1. Pairs please, first residue from the range 348-372 and touching a residue at least 60 places away in the same chain (Cβ under 8 Å) and within 17 Å of Ile396 (Cα to Cα), second anywhere and crowded, with 17+ Cβ neighbours inside 10 Å and of a type in the set (Phe, Trp, Tyr), Cβ atoms under 6 Å, 6+ apart in sequence or on different chains.
2. Would the range 272-280 turn up any residue that is under 20 Å from the mean Cα position of the chain (by Cα) and of a type in the set (Lys, Arg)?
3. Within the range 410-448, take every residue that is touching a Gly at 6+ places or on another chain (Cβ under 6 Å) and at pLDDT 95 or above and give me the one that is surrounded by the fewest Cβ atoms within 10 Å (Cβ to Cβ).
4. Pairs needed: first member in the range 304-330, more than 15 Å from Ala48 (Cα to Cα); second member anywhere, aromatic (Phe, Trp, Tyr); C-beta distance under 7 Å; at least 6 residues apart or different chains.
5. Just checking, how many residues over the range 212-254 are out of contact with any helix residue (DSSP H, G or I) (no Cβ under 7 Å at 6 or more places or on another chain), assigned to a loop (DSSP other than H, G, I, E, B) and within 10 Å of Leu152 (Cα to Cα)?
6. Test Leu183 against the stated conditions and say whether it is within 28 Å of Pro426 (Cβ to Cβ), of a type outside the set (D, E, K, R), in a helix (DSSP H, G or I) and in contact with a His (Cβ under 8 Å, 6 or more places away or on another chain).
7. Quick one: which strands (runs of 3 or more DSSP E) lie wholly within the range 57-169 and hold at least 1 residues that are of a type outside the set (D, E, K, R) and surrounded by 17 or more Cβ atoms within 10 Å (Cβ to Cβ)?
Amino acid sequence: HLYNYIFEQNTQWPNHFSGHKDLFKYFSGLVEKYGLREHVRLNSPVSAARYDEASGLWTVTTGKGSKAMELTANAVVSAVGQLNIPKFPDIDGVGSFAGTEFHSARWEHEHDLTGKRVAVIGTGCSAVQFVPEIAGQCGDLKVLQRSPPWLLPVEEYHAPMTDEELWLLRELPYYARWYRFFLFRTRAVDGELPLLYSEEGWDGPINTVSEGNQMLRDALIESLQEQVEGDQEFLAQLIPNYPPGGKRPVLDDGSWVQALKRPNVSLLTEPIERIVEQGIVTADGELHEIDVLIYGTGFTADEFLATLDVYGRGGKSLREYWGGNPKAFKGVMMAEFPNFYTLYGPNTNIVVGSSIVFFVECQLRYIMGCLKLQLEEGYRAMEPRADVMAEYNARIDALNRQRAWGAPVVSSWYKNEQGRVTQNWPGTHWEFWEQMRAPEPGELVLEK
């Protein structure tokens with residue numbers, strides 16, 4: 001119910017957390033309803049975007065070789081997001097396995113896992129979702145873990161909506177809007193979010209950041225204790241050594257632990273030494289022979305716009321401008337790159353709350369406000385003031401350092417190689433909505 005667009009509510013989702021088929025049906029329906037297909041060019045990878053100061057126009061290059069073509073635009077909106085380029089682990093021998101191997105984000109459905117010896121590297125959000133789905137098919141399944149995730153108990157995670165709930169959402173006036181507000185309030189403003197904020201002067205355990213965070217940790221461990229049913233060795237494998245919220249937490253209804261408890265599933269915490277033709281060698285010297293290797297190792301999240309070359313004023317490269325440390329004003333625009341906007345850009349990710357759909361809608365409203373201002377006032381170029389952008393990012397950085405995911409003891413994909421949190425928004429959904437309502441001309445460089 002949080003994957004709805006605000007302008008196109010669907011009250012009849014079949015599940016509390018509906019799957020790929022239902023989401024695809026919803027978004028495909030919007031493409032047809034609003035006649036978007038005729039405006040979309042498929043199989044047209046963008047390789048470059050270059051700004052011309054003399055004309056105030058962008059030239060966008062798509063395709064390669066004989067299929068390359070150039071498009072001219074007053075403004076460019078990059079919607080490639082953060083989580084789209086699969087990341088493979090830095091392990092000796094990656095690519096040398098002789099059997100079937102693939103990344104979970106590029107699942108190769110032609111392979112039947114029935115009765116196969118399968119290894120999964122990773123125990124983050126991806127693995128927690130697909131391991132329970134394949135565990136019953138595999139003859140033997142080994143799950144290799146570097147660090148466990150915090151599991152947030154959500155009983156209805158795989159539960160269908162009841163007929164009574166669907167009737168209320170469909171028939172009772174304003175109930176659907178109230179329910180959506182309830183979800184936002186409990187998950188994006190109150191709920192767990194305040195428990196992820198650091199407490200100044202906190203002298204508790206190093207794997208917590210506040211009294212509330214410690215309470216949350218204790219509650220999550222209690223939930224795990226109930227699931228392992230007295231198996232203390234198993235419990236120790238499931239408890240993270242970082243604060244709750246330090247890495248992306250995982251919604252779970254118990255299916256993850258139940259999958260790991262299956263007789264054909266093994267959770268291995270011994271570090272991986274290398275990958276070889278026959279399988280995986282762990283640090284204890286044991287060779288785990290397998291038929292299929294699945295990488296559940298996430299994405300290269302901090303490499304924003306890595307698939308295209310963007311050049312702003314004076315031919316400045318965005319990649320060099322960022323220098324491995326992406327920053328943007330309100331997550332959507334950068335100084336020296338006029339009329340260029342990003343969706344799901346730096347510091348617009350959410351840790352707990354609703355969905356990125358809401359955040360993207362907020363960003364689009366801001367971008368549309370910029371374009372409206374530009375067209376109505378006749379500005380040919382618009383970009384944030386460099387000093388305003390610097391002040392904004394200094395404020396965001398300071399707040400991120402006061403969150404569990406910014407704690408020095410935490411290493412995750414939320415941070416870049418310099419240790420800076422480049423992904424996350426540190427506030428509430430309300431605060432993000434408020435800052436994105438409309439552009440303030442005084443914060444911008446406006447050129448006619």
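1. Close Cβ pairs satisfying both conditions: Thr348/Phe359; Thr348/Trp425.
2. Checked against the condition, which is being under 20 Å from the mean Cα position of the chain (by Cα) and of a type in the set (Lys, Arg), the range 272-280 yields no hits at all.
3. Ala438
4. Filtered contacts from the range 304-330: Pro326/Phe304; Phe329/Tyr392; Lys330/Tyr366; Lys330/Tyr392.
5. Of the residues in the range 212-254, 2 are out of contact with any helix residue (DSSP H, G or I) (no Cβ under 7 Å at 6 or more places or on another chain), assigned to a loop (DSSP other than H, G, I, E, B) and within 10 Å of Leu152 (Cα to Cα).
6. yes
7. So the answer is 57-62, 76-78, 100-103, 117-121, 140-144, 151-153.
One line per residue, one yes/no per condition, for (1) at pLDDT 95 or above; (2) assigned by TED's automatic domain parsing to the domain that holds Leu318:
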| position | (1), (2) |
| --- | --- |
| Phe17 | no, no |
| Ser28 | yes, no |
| Lys33 | yes, no |
| Tyr51 | yes, yes |
| Gly63 | no, yes |
| Met69 | no, yes |
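The values are calculated or read from the model by the stated rules, or taken from the named source; none is laboratory data. What you are looking at is a predicted structure, and each value in this text was computed from that prediction instead of being measured. Counting neighbours? That spans all protein chains shown, and the Cβs are built from the backbone with ideal geometry, glycine included.
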